[in-house]
Amino acid sequence: MNATQTPQDKKALKSFSLFKPLDKIFYKGSLELLKKPLFAIIGSRSPNVYAKEQTAVIASKLAKSGFNIISGGALGIDCIAHENSFPNTIAVLPCSLDLNYPAQNKKILDAIKKDGLALSEYEANRRITLASFLERNRIIIALSDLVFIPYADLQSGSSSSASLALALNKPIFTLPHKMTESLCTQKLLAARKANAIYDVDEFIKTLGLFFDLKTLNASNDEVLEFIRLNPSIQKAQEKFGALLFEYELDSKITRVGLNYRVN
């Protein structure tokens, strides 16, 4: 599916689609995911190996620590974030929900629509346009509490998203890179408009204290603590048996495929 540029797109791009008012929004999945702190992870479709590895680690640990991850469903950083935080993940699409973009991500996008949360402001059969990427990005930033850009080049979609995050006073975090790599985030760091993550566990611990996340504070609930770290239904049932049914009835946990999710 290729993006086509119409006169309306040119006007939208020129007038900063990032600030376009939101008229309506459509969803598939669970709106419950909007109730927890949202951590946006956005970035390049072609990140380096280091950024890929760290994005996977950070997305996974954040999802287990009480955050839900929000991103744009794209190749590269977005997809890595979704896959490693699933099912605690939200995808905002640049097309209508009856379509999947990009087609290569159909498997994870279909899974998110079923067991995570997918959002779009477009009615059925709306294909991508150049403006729709910027319009998608503004929703991601607006909904997020914090923004993580692991890797991004200058003049990229992530660059414009960073500008919106700054305008909305959303804290931006990134990774330290070589001087010739990820020039967008290098520029943000140089201008002190973003903070680098040097220790992932310490970073998440600090966030947990700020947001008062249960998983990062002392918890007396052995069942919930176990499921957060070992979401497999089979493993949980082997350890706790029929007790899990009580937790389901009390809406403390929900079945998502072969896993449990802590509510």
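Would you mind finding the one in GLN234, GLN186 that is polar (S, T, N, Q) and under 20 Å from LYS52 (Cβ atoms)?
Exactly one residue qualifies, and that residue is GLN186.
In the range 63-80, what residues are assigned to a helix (DSSP H, G or I), modelled with pLDDT of 95 or more and not charged (D, E, K, R)?
We begin by selecting, within the range 63-80, every residue assigned to a helix (DSSP H, G or I); these are 63-64, 77-80.
After this cut, where a residue has to be modelled with pLDDT of 95 or more as well, the list is 77-80.
Hits for the range 63-80 are ILE77, CYS79, ILE80.
Residues of the range 41-51 being crowded, with 18+ Cβ neighbours inside 10 Å and assigned to a helix (DSSP H, G or I), which ones?
Within the range 41-51, just ALA51 meets the criteria.
I'd like to verify a number: residues in the range 214-245 that are over 20 Å from PHE67 (Cβ atoms) and at pLDDT 85 or above, how many?
Residues of the range 214-245 over 20 Å from PHE67 (Cβ atoms): 220, 222-223, 232-245.
Going one step further and asking which of them are at pLDDT 85 or above, we end up with 223, 232-245.
Summing the residues that are over 20 Å from PHE67 (Cβ atoms) and at pLDDT 85 or above in the range 214-245 gives 15.
Among helices (runs of 4 or more DSSP H) lying entirely in the range 157-263, which contain 1 or more residues that are among the aromatic types (Phe, Trp, Tyr), under 22 Å from the mean Cα position of the chain (by Cα) and at negative phi?
Ranges flagged: 200-211.
For residues in the range 160-204 being of a type outside the set (D, E, K, R), in contact (Cβ under 8 Å) with a residue 12 or more places away in the chain and more than 20 Å from ILE58 (Cβ to Cβ), which is surrounded by the fewest Cβ atoms within 10 Å (Cβ to Cβ)?
Of everything passing the filter in the range 160-204, LEU168 is surrounded by the fewest Cβ atoms within 10 Å (Cβ to Cβ).
Considering (1) farther than 30 Å from LEU168 by Cβ; (2) among the aliphatic types (A, V, I, L, M); (3) crowded, with 16+ Cβ neighbours inside 10 Å, say which one LEU207 fails and leave the rest.
Going through the list (1) farther than 30 Å from LEU168 by Cβ; (2) among the aliphatic types (A, V, I, L, M); (3) crowded, with 16+ Cβ neighbours inside 10 Å, LEU207 breaks only (1).
Select from the range 28-40 the residues that are surrounded by fewer than 21 Cβ atoms within 10 Å (Cβ to Cβ) and not aliphatic (A, V, I, L, M) and write down the one among them that is nearest to SER159 (Cα to Cα).
PRO37
What pairs come out if I take residues in the range 29-50 that are closer than 19 Å to LYS252 by Cβ and pair them with residues that are of a type in the set (D, E, K, R) whose C-beta lies under 7 Å away, six or more apart or interchain?
If the second residue must be of a type in the set (D, E, K, R), the pairs left are PRO37/ASP145.
Name every residue in the range 219-253 that is under 21 Å from PHE86 (Cβ atoms) and out of contact with any helix residue (DSSP H, G or I) (no Cβ under 7 Å at 6 or more places or on another chain), in order of residue number.
Correct list: LEU224, GLU225, PRO231, SER232, ILE233, GLN234, LYS235, GLU248, SER251.
From the list ILE112, ILE141, ILE90, pick out the single residue that is in contact with a Gly (Cβ under 9 Å, 6 or more places away or on another chain), β-branched (Val, Ile, Thr), in a helix (DSSP H, G or I) and assigned by TED's automatic domain parsing to the domain that holds LYS187.
Of the residues listed, the single one that is in contact with a Gly (Cβ under 9 Å, 6 or more places away or on another chain), β-branched (Val, Ile, Thr), in a helix (DSSP H, G or I) and assigned by TED's automatic domain parsing to the domain that holds LYS187 is ILE112.
The values are calculated or read from the model by the stated rules, or taken from the named source; none is laboratory data. Only a predicted model underlies this, so the values are computations on that prediction, with no experimental measurement involved. Ideal geometry is used to build each Cβ from the backbone, glycine not excepted, and the neighbour counts take in all protein chains shown.
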